[in-house]
Amino acid sequence: MNQHDVKQEINVPSQIMETTPYVLSRKEKKWLDLKIAVHTLKLLLKRNKNPLKIIRELSYLLEVHQVLRDRISSHKTLRLAGRYHSNPYFASWPSSTYDELMNSILDRHSSKQRIKYLPTVILSITNDCPLDCKHCLEGNNLNSRKDLPLEELRKILKKLQDKRVAHIHFSGGEPLNRYEDILKLLEEAKNSSEFWIFTSGWGLKYDMARRLKEMGLTGVFLSLDHFYEAEHDEFRGRPGSYEQVMNAAVNARKAGLLLCLSLCATREFTSEENLNDYIKLAKSLGAGFIQILEPQNTGRYAGEDIQLEPEQISLLERFYLSMNTEAQHSDMPVIIYAAYEQRKVGCLSGELGYAYISANGDVHPCPFCHSKCGNILVDELEDILDNMDRLKCRNFNNRS
């Protein structure tokens, strides 16, 4: 149930979004899938001329593609500025990142020594944050640790790109507190990776968003936890937070950045009415994606009674599938719901998945599972991934 007896007007910015991503029809998506398949086959032909090797590599690609498909569902696809995006955790096409991803997977297959491959890293670059969020996973560390200097971040970025990590997402704290450092990292990075930022939107002006786009940023994950201003501000612990999100959404879209709204679906929020109102607001903001996160017993939620009721989880799963697959919702943002996928295939962290690097360089399976697997500045990534296989989250039936 909503916490309001009388439904207040939802505050939506009046700017017209001329850079809203286009959602492909089913027919257009099938045609796109065919074009990507032809392009991938051309990549195979460039690698070798031996028909048997081509067949073996194609077979392996199809096998890995199915693994990735199970882990990262892509029911709908967006087009923005000539590139196609099915998921903010997977390479867009056409792009050098996609080609590098395919070649990395094939090199992993053809190598005589097994090569571990990590497609996505969430990299925290600061513990500083202007907000005081109820659910903050780094709540015990906020504004209390000295950030790694830029030179150390450069080393981490080089190490990740040398290991052919395809997606790097800057996180925090509030990563925009290190805006100038992000610009330098983006400018120096190779174009073999795509970059996103997890942000509260606090202080994201248009000139900043435009500059980030020019330096190579693909999109922003923008935290929005309610469509009512007062509710979002109370959850985020600072008045004005909702207004900052609205302004940041407008500025990101005007700059041509993809927008993914990130929702912590709390027990108090999760109802059919609220979910429908939220996705309508997301569409009006020009969001291409919505990421749904279930509350977890970590950070400030450690030891708290915050788990969703079984019927609320069922509601989220129905909402996720309905919005992503039913024709009447074809123009709505794509829903990303990792918990649903993990209940099917197990924890998504580690090899062929993702990892989280905290602001001091420690590597964990994910932002919600703080089991240190090593430190990226001193340990080899292969050793870290070996440890991750043992330490990653056991809340799901791991079958990866």
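The values are calculated or read from the model by the stated rules, or taken from the named source; none is laboratory data. Just so you know, these numbers come straight off a predicted model, no measurement behind them. A quick note on method: Cβ atoms are made from the backbone with ideal geometry, for glycine too, and the neighbour counts reach across all protein chains shown. Just so you know, the surface numbers come from the protein's heavy atoms only, side chains and all, with ligands and any DNA or RNA stripped out. Shrake-Rupley method; radii C 1.70, N 1.55, O 1.52, S 1.80 Å.
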* Looking at segment 389-400, is at least one residue part of a helix (DSSP H, G or I) and among the acidic types (D, E)? -> yes
Counting only residues in segment 34-50 that are surrounded by fewer than 12 Cβ atoms within 10 Å (Cβ to Cβ) and charged (D, E, K, R), the one farthest from the chain's Cα centre (by Cα) is identified as K49
Of a type in the set (A, V, I, L, M, F, W, C), at pLDDT below 95, in a loop (DSSP other than H, G, I, E, B) and in contact with a Phe, Trp or Tyr (Cβ under 6 Å, 6 or more places away or on another chain), is that true of C347? yes
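Rundown of residues vs (1) modelled with pLDDT under 90; (2) closer than 20 Å to P119 by Cβ, yes/no style:
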{"residue": "L41", "(1), (2)": "yes, no"}
{"residue": "N48", "(1), (2)": "yes, no"}
{"residue": "I54", "(1), (2)": "yes, no"}
{"residue": "Q66", "(1), (2)": "yes, yes"}
{"residue": "R69", "(1), (2)": "yes, yes"}
{"residue": "P88", "(1), (2)": "no, yes"}
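Answer yes or no as to whether W31 is at pLDDT 90 or above and surrounded by 14 or more Cβ atoms within 10 Å (Cβ to Cβ).
No.
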Picked from segment 287-307 (must be of a type in the set (A, V, I, L, M, F, W, C) and open to solvent by 20 Å² or more (accessible area, probe 1.4 Å)), the residue farthest from T20 (Cα to Cα) is A302
Selection from segment 117-132 of residues more than 21 Å from R236 (Cα to Cα), assigned to a loop (DSSP other than H, G, I, E, B) and hydroxyl-bearing (S, T, Y) yields Y117
Taking segment 77-110 and keeping only residues that are of a type in the set (D, E, K, R) and within 16 Å of the chain's Cα centre (by Cα), one is left with none
| request: Within segment 264-282, identify whether any single residue is in contact with a Leu (Cβ under 9 Å, 6 or more places away or on another chain) and within 16 Å of L212 (Cβ to Cβ), and answer yes or no. | output: no
Of the residues in segment 280-320, those that are at pLDDT below 95, out of contact with any Asp or Glu (no Cβ under 7 Å at 6 or more places or on another chain), part of a helix (DSSP H, G or I) and under 18 Å from A338 (Cβ atoms) come to Y301
Scanning segment 240-258 for residues that are in contact with a Gly (Cβ under 9 Å, 6 or more places away or on another chain) and among the aliphatic types (A, V, I, L, M) gives V245, M246, A248, A249, V250, A252, L257, L258
Counting only residues that are under 19 Å from V334 (Cβ atoms) and open to solvent by 10 Å² or more (accessible area, probe 1.4 Å), segment 265-286 contains a total of 5
Scanning for something open to solvent by 30 Å² or more (accessible area, probe 1.4 Å), among the polar types (S, T, N, Q) and not in a helix (DSSP H, G or I), does segment 100-116 turn up at least one residue?
-> yes
